[in-house]
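The values are calculated or read from the model by the stated rules, or taken from the named source; none is laboratory data. This structure is a prediction, so every number in the text was calculated from the model and none was measured. Every residue, glycine among them, receives a Cβ derived from its backbone with ideal geometry; neighbour counts consider all protein chains shown.
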């Protein structure tokens, strides 16, 4: 008796599409949560004063966000899928609290315009990364080095306050995150093709993919806001 289970190409494609949709749906839910929390925080003067008027609170939130990202990225395979999902959405909510500052610095119209520019760019590069036959693996190390360079330039500029360095880091950062969007989209597609073995592992893979794309979108949005945002 032959107990082999044959999987058709259509089934593989369906499973791959379902995984990718889950990743993008969770990323979208994370962005929506960030936006809701951000707008609520920006409309609450007491909350704003407590967060941005108390340096210990603000920097504590920033450190908590960094800790959550590091914990999820490094330890997701050792935790339950439900825990990983909660941590992702908790991070998105915390990020909404700190990002409420953009509603103070920029007009709502320019924030909305920048969001749609970001969404269009992100969508185009995601589609390119997903459908291109070109292997983007070689982009990874180049983009990572570019990201390190942008971070270092931004840190150095905290002391020098140079407008030239500020704009150089901004445009370089946009290039880096546009490239990372395509690279990560292809990497998520590859994850779906390889499979996970069980539903728990698949869910954790989807959370990690959603976090990766979420970070690409948020960073691209913030960098584009420097260009398109109109200050109050």
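Data overview
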item: Residue among 72, 68 that is surrounded by 18 or more Cβ atoms within 10 Å (Cβ to Cβ), free of Cβ contacts under 8 Å to residues at least 40 places away in the same chain, within 15 Å of the chain's Cα centre (by Cα) and at negative phi; result: 68
item: Failed condition for residue 134, given (1) out of contact with any helix residue (DSSP H, G or I) (no Cβ under 6 Å at 6 or more places or on another chain); (2) assigned to a helix (DSSP H, G or I); result: (2)
item: Candidates 102, 51 - the one that is over 22 Å from the mean Cα position of the chain (by Cα) and either in contact (Cβ under 8 Å) with a residue 60 or more places away in the chain or farther than 26 Å from residue 204 by Cβ (or both); result: 51
item: Residues (in contact (Cβ under 8 Å) with a residue 24 or more places away in the chain and either outside any helix (DSSP H, G or I) or more than 17 Å from the chain's Cα centre (by Cα) (or both)) located in the range 172-195; result: 172, 191, 192, 193, 195
item: Selection status of residue 206, within 25 Å of residue 110 (Cα to Cα), part of a helix (DSSP H, G or I) and within 18 Å of the chain's Cα centre (by Cα); result: no
item: Positions within the range 153-162 being in a helix (DSSP H, G or I) and in contact with a helix residue (DSSP H, G or I) (Cβ under 9 Å, 6 or more places away or on another chain), in sequence order; result: 153, 154, 156, 157
item: Qualifying positions in the range 26-50 - surrounded by 17 or more Cβ atoms within 10 Å (Cβ to Cβ) and at pLDDT below 95; result: 48
